[in-house]
Amino acid sequence: MKIYFYSSDKTIDSKHVERYLKQVGIEIVDDSKGGINQDASVKPFGKMEALIFQGKNLDARAGYLIALALSQNKEVFCLLPNGNKIDGTLQSLKDDKNFNKRLKIEFYQNTDLKQKIFDFLKTLDKGDIRDLFNIKYTLRISRRISDYLNWKSKKVDMPKADWLRNKIKDVIERDDDYQQYLQDRYKTRE
Amino acid sequence: MARKKKKIILLLAGGTLLLDKEAKFLAVQDSLDVDHWLRQMPELSILADIEPIFISGEDQEITPQIWEKIANKISNNLGNADGFIVVSKTGQLINTALVLGFIFQNIKKSIILTCSQISGTDFLNKKEKINKLKDKHGGLGLRSNLINALQITDSKLPGPAIMSGTRLISAVQAVKNYHDDTNIFASFNDAYWGKVGFGINIKKDLKHSTKQFEIFKKINSKILILEDFPGVEWSVDREIFKKYQGVIIKTSAQSIDQNKQKQIASWKLPVVLYNYQGILSIEGAVVISGCTWSAAVVKTMWALANFKELADFNKVMKQNLIGEFTV
């Protein structure tokens, strides 16, 4: 999973966020790497799942990234230190029915910062967008398998691709090891 | 977390086509459409306090009267806006940017022009292109163009610029790019004022004029535009010239034959002779080179309106006013 992380403060909290994300295997894209998609895409967030913002103040760059991420239908997670006030514009976006599911704002303390991120990552895992069929996959098969798929598709009156997707979903759900992996995915050893 | 947001005037003169949340096309055809159109992009409010001003509808032609209307709105709001964004039709965006560059010389506030990748609501001939844009980019590019334009409105730029796709292009260097559906404008000499990645990287060594800010609001559209083809004789009825107040001729030749020179002298009008690479001087015309054709035409229109004396007209046509001459 790829996530764009931006902090307007660059404090110890931002380092904790970055460290945690790396520990749980998230590929972080941030300003220090100069971003990706430098090949002139108009969708710089491309295949990234979300933007995480952390900081006391919504600076110009944060505003820009949040606007861009929302315009590209990405999830945005804003982590604000406890005691901060929500920027008026962010609040009105949160109240907007088009964004209230994708824009999450959480106040954190040092003691629960990791938990907040963990909860957010879990919602990403469960999110509807991860069930969208928007990744093209090329699979070479044998003639025997092709014949079977043709036969099965007619028998159950379902397109081959749909039947295959359903089968894969079943396999995922019945794979206990994988289900356990999902449970533990964002936990770290203290 | 309170922060002061910049105030941006958003002038709408076509180029406003976008897909709403239900994937239906939406454009601003009159002033009543503006609020609904802007509500499709609430994320813009993070970046600035936007005051939209309707200038002309999506299907209206961009005329000198529209340019003057845009100029008046900018002029009237110079004191209370931090910057200006003009959304206008793709086919006329470069000319609009150039006009504003000549009208507002050495302006200290940014004027950024942008557009959707498709203009006009006549979709009949555009279906294939629209579908391609939807598949590749999820829309017609206007949202990200506006976000990028808003982001750079508080940057100090030497003059009006076009923000489109991943590029920020000076008005005087912009040309249409027919080979790329992401970047529909390019710089004719491959020099850009900025490029977009995760943010806009503005070029560090942009040259800013030290001259005083001046406004020249008039534009004269009564010019005859001719293209000369070497070896092909001109046959221009003198009656035509009664309708015009100036002529601009584009030629690929580096000199004009005697016969054509005589014709030019007989017109008794200000005449501009343009060849990008250079052309020999002749009597009765001012020759210019080293700028884009669009810049040459717009500058002629502007100079005709603001300099009535032929000597002043000729002089100003040769001056490098807004960086239009790059060679």
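Specify the residue that is farthest from the chain's Cα centre (by Cα); the eligible residues are those in the range B:119-169 that are away from chain A (no Cβ under 14 Å) and modelled with pLDDT of 85 or more.
Step by step, filter the range B:119-169, then rank; the result is B:LYS156.
Can you find even one residue in the range A:19-33 that is assigned to a loop (DSSP other than H, G, I, E, B), within 21 Å of B:ASN145 (Cα to Cα) and either modelled with pLDDT under 90 or of a type in the set (Val, Ile, Thr) (or both)?
no
Of the residues in the range B:59-110, how many are in contact with a Ser or Thr (Cβ under 6 Å, 6 or more places away or on another chain) and of a type in the set (Lys, Arg)?
Total meeting the criteria: 1.
Tell me, please, whether a residue that is under 24 Å from the mean Cα position of the chain (by Cα) and basic (Lys, Arg) can be found in the range B:264-287.
Within the range B:264-287, the first condition is being under 24 Å from the mean Cα position of the chain (by Cα), and the residues that meet it are B:270-278, B:286-287.
Restricting the remaining residues to those that are basic (Lys, Arg) gives none.
Checking the range B:264-287: not a single residue is under 24 Å from the mean Cα position of the chain (by Cα) and basic (Lys, Arg).
Exactly one of (1) modelled with pLDDT of 90 or more; (2) within 13 Å of another protein chain (Cβ to nearest Cβ) is unmet by A:SER142. Its number?
Here A:SER142 clears every test but (2).
Out of B:HIS179, B:HIS208, I need the residue that is within 14 Å of another protein chain (Cβ to nearest Cβ) and surrounded by fewer than 17 Cβ atoms within 10 Å (Cβ to Cβ). Which one?
B:HIS179
Does at least one position in the range B:253-264 carry a residue that is at pLDDT 95 or above and on the phi < 0 side of the Ramachandran plot?
no
Working only within the range A:92-106, note down all residues that are more than 9 Å from every other protein chain (Cβ to nearest Cβ) and not polar (S, T, N, Q).
The answer is A:LYS94, A:ASP95, A:LYS97, A:LYS101, A:ARG102, A:LEU103, A:LYS104, A:ILE105, A:GLU106.
Do any residues in the range A:58-86 that are facing chain B (nearest Cβ under 7 Å) and surrounded by 22 or more Cβ atoms within 10 Å (Cβ to Cβ) have Cβ atoms under 6 Å from those of residues that are of a type in the set (D, E, K, R) and outside any loop (DSSP other than H, G, I, E, B), where the two are at least six apart or on different chains, and which pairs are they?
A:ALA67/B:GLU43; A:LEU70/B:GLU43
Just give me the residues in the range B:127-150 being in contact with a strand residue (DSSP E or B) (Cβ under 6 Å, 6 or more places away or on another chain), assigned to a helix (DSSP H, G or I) and touching a residue at least 60 places away in the same chain (Cβ under 8 Å), in sequence order.
If the condition is that a residue be in contact with a strand residue (DSSP E or B) (Cβ under 6 Å, 6 or more places away or on another chain), assigned to a helix (DSSP H, G or I) and touching a residue at least 60 places away in the same chain (Cβ under 8 Å), then B:LEU142, B:ALA149, B:LEU150 are the ones that fit.
Looking at the range B:204-262, which of its residues are of a type in the set (S, T, N, Q) and assigned to a strand (DSSP E or B)?
Quick first cut of the range B:204-262, residues of a type in the set (S, T, N, Q) only: B:209-210, B:212, B:220-221, B:235, B:245, B:251-252, B:254-255, B:258-259, B:261.
Of everything in the range B:204-262, just one residue is of a type in the set (S, T, N, Q) and assigned to a strand (DSSP E or B), namely B:THR251.
The values are calculated or read from the model by the stated rules, or taken from the named source; none is laboratory data. Here the structure is a predicted model, which is why all the values come from computation and not from measurement. All Cβ positions, even for glycine, are placed from backbone atoms using ideal geometry, and neighbour counts span all protein chains on display.
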